[in-house]
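Heads up: the structure comes next, in structure tokens.
The values are calculated or read from the model by the stated rules, or taken from the named source; none is laboratory data. A quick note: this is a predicted structure, and the numbers were derived from the prediction, not measured. Cβ sites come from the backbone with ideal geometry, for glycine too, and all protein chains shown count toward neighbours. The area values use the complete protein model at the heavy-atom level, side chains included, leaving out ligands, DNA and RNA. Shrake-Rupley method; radii C 1.70, N 1.55, O 1.52, S 1.80 Å.
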Amino acid sequence: MAYYGAIEAGGTKFCCAIGNEHGEIIEEFTIPTGKPDETLQKLIPFFQTYQIEALGVGSFGPICVKRDDPSYGYLMNTPKVDWKHYPFIPELEKQLGVPVSFTTDVNAAALGELTKGAAKGLTSCMYITVGTGIGAGAVVKNELLHGHSHPEMGHILVRLHASDSFAGICPAHGTCLEGLACGPAIEKRWGKPAKELVEQEAVWALEADYLAQALMQYTLILSPERIIMGGGVMKQKQLFPLLREKLAFYMNDYIDLPPLDTYIVSPGLGDKAGITGALLLAMEAKGNA
Ligand code: ADP
Ligand code: ZN
């Protein structure tokens, strides 16, 4: 039996998993995100117990994905100050002595969904999380979307709604998509956490407006076959029909969209999309080693 390791590294917690050679998760382990060295000290023994063949990581970012860059695998200018410029992937490789493959958390989730979840059988999809932040990843023709860096599609600019005078909360851009529509932005604008605003239709109409503008842009630029939407805020299922309706409104029949009920969907793997994708990356890393 061969074992593989997976990490979904987030700002609040690290979800770790062991998988078998079929890409099935057989054990999981979660720790709060602390300082880098302390966090690694807690998770290394978990992977050593299983003598894993390789590790896959879906990480918060920004993280350097350029292979020929001296900072390859380092966290970059992240707002999590302790992790800024930390050689995250090189440290994991050094301490575990196995190949490590990595991408962003949302790219990993897109890969998980494409291989085993809601986009199974397709060759392209996007995964968007609307939670503490907004992030989006994509698989295009079965490849993770990386370029000069990795996409940061949560920070695109959207048009402010005529009824909205909110200044936004993104420290870099104010009213970018994340600044206007992530969970903490909803809470700040309306004065209560999103899940206490369920009955207020105006909250969800505005939220759907901003997200649909983003979906229009992603659709026009990438033309994915399916868009999967997860994260805490998307637990509000009333958003899905609103989003589909607003996307159709903004697109105004300009291009032919797939049937919207199967185009904008919830994750097939629930909250396991990211860790599943990370496990698939580990299996690939072993294959390439
Ligand atoms: P993270 O983005 O940190 O991984 P989540 O995806 O759970 O975590 O996102 C947390 C955000 O989602 C918070 O701003 C919270 O208010 C919001 N949220 C969590 N659960 C719900 C819910 N059931 N309905 C609406 N918003 C929610
Ligand atoms: Zn921003």
Segment 161-195: number of residues that are more than 29 Å from GLY277 (Cβ to Cβ), within 14 Å of ligand 2 (Cβ to nearest atom) and among the aliphatic types (A, V, I, L, M) = 1
Within segment 235-247, can one find any residue that is within 13 Å of ALA109 (Cβ to Cβ) and touching a residue at least 40 places away in the same chain (Cβ under 8 Å)?
-> no
All but one of (1) farther than 30 Å from GLY56 by Cβ; (2) outside any helix (DSSP H, G or I) hold for ILE228; which doesn't?
-> (1)
State all residues of segment 49-92 that are surrounded by 16 or more Cβ atoms within 10 Å (Cβ to Cβ), over 18 Å from GLY137 (Cα atoms) and free of Cβ contacts under 8 Å to residues at least 40 places away in the same chain; if no residue qualifies, say none.
-> TYR74, PRO87, ILE89
Those residues of segment 116-150 that are touching a residue at least 24 places away in the same chain (Cβ under 8 Å) and part of a loop (DSSP other than H, G, I, E, B) come to a total of 16
Within segment 125-171, can you find the residues that are within 17 Å of PHE60 (Cα to Cα), among the hydrophobic types (A, V, I, L, M, F, W, C) and surrounded by fewer than 20 Cβ atoms within 10 Å (Cβ to Cβ)?
-> CYS170
Which condition breaks for LEU206 when tested against (1) away from ligand 2 (no atom under 13 Å from the Cβ); (2) open to solvent by 50 Å² or more (accessible area, probe 1.4 Å); (3) out of contact with any helix residue (DSSP H, G or I) (no Cβ under 8 Å at 6 or more places or on another chain)?
-> (2)
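Could you grab me the full set of residues in segment 34-50 that are in a loop (DSSP other than H, G, I, E, B) and within 19 Å of GLU93 (Cα to Cα)?
LYS35, TYR50
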Considering only residues of segment 1-37 that are among the aromatic types (Phe, Trp, Tyr) and in contact (Cβ under 8 Å) with a residue 24 or more places away in the chain, which is surrounded by the most Cβ atoms within 10 Å (Cβ to Cβ)?
-> TYR4
Determine whether VAL198 is in a loop (DSSP other than H, G, I, E, B), away from ligand 2 (no atom under 16 Å from the Cβ) and among the β-branched types (Val, Ile, Thr).
-> yes
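Give the residue, chosen from GLU53, GLU21, GLU8, that is in a loop (DSSP other than H, G, I, E, B), touching a Phe, Trp or Tyr at 6+ places or on another chain (Cβ under 8 Å) and modelled with pLDDT of 95 or more.
GLU53
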Scanning segment 177-195 residue by residue, those surrounded by fewer than 18 Cβ atoms within 10 Å (Cβ to Cβ) and part of a helix (DSSP H, G or I) turn out to be PRO184, GLU187, LYS188, TRP190, LYS195
Go through (1) over 17 Å from TYR263 (Cβ atoms); (2) in contact with a helix residue (DSSP H, G or I) (Cβ under 6 Å, 6 or more places away or on another chain); (3) outside any helix (DSSP H, G or I); (4) within 16 Å of ligand 1 (Cβ to nearest atom) and name the single condition GLY154 misses.
-> (3)
